[in-house]
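Notes to accompany the following structure.
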Amino acid sequence: MGIYTDTETTINGQLQAFSKNKEIPKVIEQLVFAALSHYPELAHTHIRFIFSQKLKKSVMAARPVVGTLLQSRNKRVYDILISPVFKLTQSIEPIHHLPKDVLIGWLGHELGHIMDYEQRTLWGVAKFGLLYWLSKRYVRKAERVADTFAVNRGMASYILSTKEFILGHSELSSRYKEKIARLYLSPDDIVELVSEMEKKTQPEKEELLADETALAQSTQGEDN
Ligand SMILES: [Zn+2]
């Protein structure tokens, strides 16, 4: 047992602390813990990370388990669905073969959505679902809120890795890349957001985030 092993064991032990109320496939466990470590607010939240073949147009998706929304807030369950494979135009590879930082960034973004859901009442979540379905503009705002949460929780470098991976991947369909570029914060936006955040105090940061969230919540079905 060298020092390296000991250190690694300690880190794993610390990360284990994030496993409460979580269901995580073994193969991505360490990556999930790394992302969760940025969200102490979600320490007790029930989240299931599930490999799912159902995702058609995305690699991951966060959603509340509808049946649990009628129960009290602390009994809510969220699912983060994860495509088991990453499909490229020419090839296909298991999702966990992607670079670690890219996956941690992706998970961090999905956890940002859960932070957003957590602030909403049952009707707030219902409205979110409806507007997300109806309005492209609302989707864009909701995606930016998720990214902003992740950046505000110190995950900027991971989010950047994810964006750069997607936008710079020559083998991804140009349609998917266009969608990502249109709906999400661009790498430039993220850099700008980080420098903005660095100038701000903690209460100001929370305010900035509250503004983003309010903006997303106030958007009515303005389709475009
Ligand atoms: Zn998203």
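The numbers here are math on the coordinates, done by the rules we state, and not lab data. In this text the structure is predicted, and so the values were computed from the model without any measurement. Positions of Cβ are backbone-derived with ideal geometry, glycine not excepted, and every protein chain shown enters the neighbour counts.
List of remarks:
- Rounded to the nearest whole Hz, the Karplus-based 3J(HN,Hα) values (6.51 cos²θ - 1.76 cosθ + 1.60, θ = phi - 60°) of the range 68-84 follow the sequence 8, 6, 7, 7, 5, 3, 6, 9, 4, 10, 10, 10, 10, 7, 10, 5, x, with x at glycine and proline.
- Close amide H contacts of VAL77 (hydrogens built in the peptide plane, cut-off under 5 Å, sequence separation of 5 or more or a different chain): VAL65, THR68.
- Using θ = phi - 60° and Karplus 6.51 cos²θ - 1.76 cosθ + 1.60, couplings along the range 55-63 (whole Hz; Gly, Pro as x): 5, 9, 9, 9, 8, 9, 8, 9, 8
- Here is the tail figure for the range 3-218: Cα pairs spaced more than 31 Å apart come to 18 percent of all pairs.
- The Cβ shell under 14 Å around ASN21 holds other residues with a net charge of +2, Lys and Arg each +1, Asp and Glu each -1.
- Derived scalar couplings ³J(HN,Hα) [the range 185-201; Karplus, 6.51 cos²θ - 1.76 cosθ + 1.60; whole Hz; x for Gly, Pro]: 4, 7, x, 5, 4, 5, 4, 5, 4, 5, 5, 5, 4, 4, 7, 9, 7
- Under the criterion of Cα pairs below 8 Å and six or more residues apart, the relative contact order for the chain equals 18 percent.
- In this structure the amide hydrogen of VAL85, modeled in the peptide plane, comes within under 5 Å of the amide hydrogens of ILE95, none closer than 5 places in sequence on its chain.
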